[in-house]
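Everything on this sheet refers to the single structure shown next.
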Amino acid sequence: MRSPSGRTMLHRTLVVLIGLLALAVVVVALGRSANRPTRVTQPLAFSHAVHVTKAKLDCTTLCHAAAATQVYAGLPSKQVCYECHDPDQETPDRPELTRLASYVDREEDLPWQRVAIVPPDVFFSHRRHVTAGRIECARCHPGVAEASEPLSEVSRVLTMEECLDCHRQQGADDDCLACHR
């Protein structure tokens with residue numbers, strides 16, 4: 001049988017170990033977010049406003065077609081751009097078409113940089129939200145359709161509270177394990 005002072009010592013040791021573990025988790029989490037760039041440079045000066053407003057394209061029609069069927073929405077390949085833009089057929093005074101053609105000539109895909117992020121412990125399925133939930137893209141990505149400059153600010157798409165509010169409004173599962181893995 002342990003003495004009261006032995007139990008106290010064991011209790012203090014456990015408290016210290018748990019504290020150190022919590023500190024390690026915080027340090028790792030801060031290190032991950034600190035290593036993530038906050039601004040990126042996109043390969044083309046893409047205007048969502050021109051494509052959504054002028055060309056009347058829906059997000060999932062060509063550019064992010066995987067959103068309707070996959071976990072990730074995906075980013076458009078040069079072949080997707082070529083669906084509408086052929087640099088050989090358009091006027092040469094459009095530098096972005098020249099840049100697009102250079103990726104084709106080098107047989108490289110467009111190195112788009114992701115700007116919408118979710119925390120590493122969150123599982124988010126575009127298919128589940130776009131197809132099953134019938135959620136409009138602008139609900140989670142407000143202002144993107146009006147953006148005339150390439151998206152370059154890396155940021156978290158939504159807060160947990162915003163997600164929970166939406167889940168409750170839609171009658172979707174709000175159990176922690178539905179999203180956190």
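Quick rundown of the values:
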| item | result |
| --- | --- |
| Residue satisfying condition, being among the polar types (S, T, N, Q) and either modelled with pLDDT of 95 or more or in contact with a strand residue (DSSP E or B) (Cβ under 8 Å, 6 or more places away or on another chain) (or both), within set Ser155, Ser77 | Ser155 |
| Only one of Arg134, Arg127, Arg106 that is over 19 Å from Pro150 (Cα atoms) and touching a residue at least 60 places away in the same chain (Cβ under 8 Å) | Arg127 |
| Boolean, Ala172 is among the aliphatic types (A, V, I, L, M), over 18 Å from His64 (Cβ atoms) and touching a residue at least 12 places away in the same chain (Cβ under 8 Å) | yes |
| From the options Ala147, Ala68, Ala132, Ala138, residue that is exposed (fewer than 11 other Cβ atoms within 10 Å of the Cβ) and among the hydrophobic types (A, V, I, L, M, F, W, C) | Ala132 |
| Subset of the stretch 91-103 [surrounded by 14 or more Cβ atoms within 10 Å (Cβ to Cβ) and either farther than 12 Å from Pro43 by Cα or free of Cβ contacts under 8 Å to residues at least 24 places away in the same chain (or both)] | Leu97, Ala101 |
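The values are calculated or read from the model by the stated rules, or taken from the named source; none is laboratory data. On a predicted model such as this, the values are computed, not experimentally measured, just so you know. Neighbour counts run over all protein chains shown; Cβ positions are idealised from the backbone, glycine included.
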